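FYI, it's all coordinate maths here, none of it is from the lab. Everything numeric here is computed off the predicted structure, so don't read it as measured data. No Cβ is skipped: glycine too gets one built from the backbone with ideal geometry, and neighbour counts run over all protein chains shown.
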Amino acid sequence: MTTRYRVEYALKTHRRDQFIEWIKGLLAVPFVLYSQPQGVFEGQGVIGCPQTREEAHRRYSEILRDVEGMIDDHIANQNDDKNPFPSKLKLLVPSVGPFFTRLPLEAAFKCQDRKRYISSRRFVSPSFNDVRLILNSAQIMAVTTYGTLQLATFDGDVTLYDDGQSLESTSPVVPRLLDLLRKNVKIGIVTAAGYTTAERYYSRLHGLLDAMANSADLTPAQKQNLVIMGGEANYLFEFSPSAPHLLAPVPRERWLTPEMAAWNERDIEQLLDVAEAALRDCIKSLNLPAELMRKDRAVGIIPMPPDGRLPRESLEETVLVVQKILELSSAGRSRRVPFCAFNGGRDVFVDIGDKSWGVNVVQRWFAAAPGGVIRGENTLHVGDQFLSAGANDFRARSVGTTAWIASPAETVELLDELAELMGKKLS
Ligand code: IMP
Ligand code: MG
């Protein structure tokens, strides 16, 4: 049972996605009007009579079709430079950002309803997770049917493997990533995990790297289609069958964008100094069993002992405090160096750059022509951290389409859905 404390905590805006909450609110109305909970006592069973289910299904579909239309209108508005006014959707959900593709929400709802029996439920209304998965389905339908998926980028922890774990050779994610490479989709693993050596990335990703090295059917060109972008946007490695640990570091001068090349080392140091002081203050004031970890492009706190756990509230408080202090500091206010403060679930890190830069570097790296870029509508970033504050995948939304998963098992389901759609398109 959800306690009042949990309910109030979940209501905090930094823990809510306003677009998803708004759609959930729209779907709650037909749920209340059509779900007929008394049917359970009238001998209709839990799944209910077909007419009730059909009615709920029809109403939910209609609402999602209307939202789909509103997104179309929003896209027309965002593409019209001469129109100074916000779209209707922007007025209703002020936090909504730009869309790279239209979203076939009605079709996506029908697909998820077949899997999740949303219209059959009498006591549980369409939930946050229902809406999140409908949006994911709509997004992958869009990137495969309105255009072509050229680049898929993946977060690491929670997306490819469980938090703090590694991508093992037995993981069901591995054959699905190989399948994408076989279809000539480029892959970037864009992770916050910031290491300077190939060995550390090999230890986290060996299941995939070994499978690629041993694969007889991937061509040498397809094997070139995997890169690791670590520390959000700080360390680039390319797959290389002959390199130690199967990864070759790519020197920064080969991939930094002109804007990134202008980030100055003194500003970076200053920003990390402010973040370090703020993190130290949080350790003290919240009495955290944690130690500080300073790297050349990041600073964070990790639990002490390493298998310990920091209370979720303390992690969130820390990330919000550090974010605010950085924003108000002279290093942060100057905006010369972008940064990303996030709650990693067991730790808190402040990194230089963020995943919008990381994904963008990969979009440029794999562009067909020098100086080109794979466009946002041909890119899909899959991650688990999409809340607007204290989450690091969120920033990737500004450069490409995204899918919000909650576990590696959901990534597997998403990749299966994607493979089916790509297969249908080819046939
Ligand atoms: P992601 O989910 O792949 O983006 O990885 C996030 C996790 O990587 C964090 O929660 C940390 O546990 C870990 N990590 C290791 N090094 C760093 C770093 O330099 N910056 C941020 N996170 C790091
Ligand atoms: Mg993650």
TODO: Identify, by number, the condition in (1) buried (at least 17 other Cβ atoms within 10 Å of the Cβ); (2) closer than 27 Å to Thr197 by Cα; (3) touching a Leu at 6+ places or on another chain (Cβ under 9 Å) that Gly332 doesn't meet.
DONE: (2)
Task: Residues of region 173-205 classified as in contact with a Gly (Cβ under 9 Å, 6 or more places away or on another chain) and of a type in the set (Phe, Trp, Tyr), total - done: 2
- [ ] Hey, can you tell me all the residues within region 389-407 that are small (Gly, Ala, Ser), away from ligand 2 (no atom under 16 Å from the Cβ) and either over 21 Å from Asn234 (Cα atoms) or in a loop (DSSP other than H, G, I, E, B) (or both)?
- [x] Gly400
Open item on the list: Looking only at region 341-358, how many residues end up being near ligand 1 (Cβ under 9 Å from one of its atoms) and either surrounded by fewer than 23 Cβ atoms within 10 Å (Cβ to Cβ) or in a strand (DSSP E or B) (or both)?
Closed with: 10
Open item on the list: When the residues of region 359-374 are narrowed to those that are in contact (Cβ under 8 Å) with a residue 60 or more places away in the chain and either more than 16 Å from ligand 2 (Cβ to nearest atom) or within 16 Å of Asp157 (Cα to Cα) (or both), which ends up surrounded by the fewest Cβ atoms within 10 Å (Cβ to Cβ)?
Closed with: Arg364
TODO: Looking for whichever is assigned to a loop (DSSP other than H, G, I, E, B), touching a strand residue (DSSP E or B) at 6+ places or on another chain (Cβ under 8 Å) and more than 30 Å from Thr52 (Cα to Cα) here; the options are Gly164, Gly97. Which one fits?
DONE: Gly164
Task: Criterion: away from ligand 2 (no atom under 16 Å from the Cβ) and not in a loop (DSSP other than H, G, I, E, B) - qualifying residue of Leu288, Leu310, Leu292, Leu315 - done: Leu292
Task: Of the criteria (1) surrounded by fewer than 20 Cβ atoms within 10 Å (Cβ to Cβ); (2) closer than 29 Å to Asn129 by Cβ, which one Ile325 fails - done: (2)
